[in-house]
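One structure below.
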Amino acid sequence: MANAYWKTAGRVPSTLDVDPAFAALIGPGDSLLDMGCGDGRSLAEMAERPECGRGVGRVGPAPLWAGVDVNPPGLRAAMARGLPGVAFVQGDLGRLPFAAKCFDYGVMHAVLTTLETPGTRLAVLCEAARVLRRGLSFSDFLLTPGIPLYRERYQRGFVETGEQGTFRVMENDRHLYTAHHYTLEELRELFQAAGFHTLQMRRVTSRTRSGNEINGVVGMAFHS
């Protein structure tokens, strides 16, 4: 399901941070899955928080923490962090290799923007809803037509793809991947269709992997 670029690219670090409001929900007894974990930075940051570090103060086995990604270089970097007891697994977000409801919470940073079609986006969020018992923290990019670079990309992308907000990212004449920027209403409808019934979102300014500052969104989605 993932674009070949994301499977083979060198290390792709996340530019987005864990939402403090979401981190505050995670206790030492909660299991956590980072979907599109990259080099494991988000899980490492969460593990450093004294109130939610994996298994802090527990007697017996610690809860399961895991990261899943399609990118082998990113996973190698994640495993090199040496996070105690945290599993990193290669897998497709549209077909997660986990049983239903086996994690309490999930994290998804700058993942939805990489999914090329509405069907793929819905499939990934349905998988998230399937494996999570409670909720999902997400952050991603919103339409930013006020910046000429992106306005031109949206205009060209609409001609090429037929979808507003979708555009091809190029390197010289080489097509790297196709990206999508959202409206808040589009995200709301997408999460509801996937089975998340309570949604909290706020607009932020985000920095992309290429260093551009654009409109972004930080949110949490819950089953009830």
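The values are calculated or read from the model by the stated rules, or taken from the named source; none is laboratory data. Here the structure is a predicted model, which means the values were calculated and not measured. Because the Cβ atoms are built from the backbone with ideal geometry, glycine has one as well, and the counts that use them run over all protein chains shown.
For the reader, a short list of remarks on this structure follows.
- Evaluated against (1) surrounded by fewer than 18 Cβ atoms within 10 Å (Cβ to Cβ); (2) touching an Asp or Glu at 6+ places or on another chain (Cβ under 8 Å), Ala77 falls short on exactly one condition, (1).
- Pro13 falls short of the stated requirement of being in a loop (DSSP other than H, G, I, E, B), modelled with pLDDT of 75 or more and surrounded by fewer than 22 Cβ atoms within 10 Å (Cβ to Cβ).
- When Ile147 is tested against (1) touching a Phe, Trp or Tyr at 6+ places or on another chain (Cβ under 6 Å); (2) more than 14 Å from Glu186 (Cα to Cα); (3) in contact (Cβ under 8 Å) with a residue 40 or more places away in the chain; (4) surrounded by fewer than 23 Cβ atoms within 10 Å (Cβ to Cβ), just one condition goes unmet, and that condition is (1).
- Conditions (1) in a strand (DSSP E or B); (2) among the polar types (S, T, N, Q); (3) farther than 18 Å from Met35 by Cα: number failed by Thr144: (1)
- Given (1) touching a helix residue (DSSP H, G or I) at 6+ places or on another chain (Cβ under 8 Å); (2) surrounded by 14 or more Cβ atoms within 10 Å (Cβ to Cβ), index of the condition Arg203 fails: (2)
- Only residues that are of a type in the set (Ser, Thr, Tyr) and touching an Asp or Glu at 6+ places or on another chain (Cβ under 7 Å) were counted across segment 167-205, and they come to 3.
- Among the residues of segment 95-119, those that are over 14 Å from the mean Cα position of the chain (by Cα), closer than 20 Å to Leu43 by Cα and not acidic (Asp, Glu) comprise Pro97, Phe98, Lys101, Cys102, Phe103.
- Elements of type strands (runs of 3 or more DSSP E) contained in segment 153-212, each with 3 or more residues being without any contact (Cβ under 8 Å) to a residue 60 or more places away in the chain and out of contact with any Cys (no Cβ under 6 Å at 6 or more places or on another chain): 166-171, 198-207
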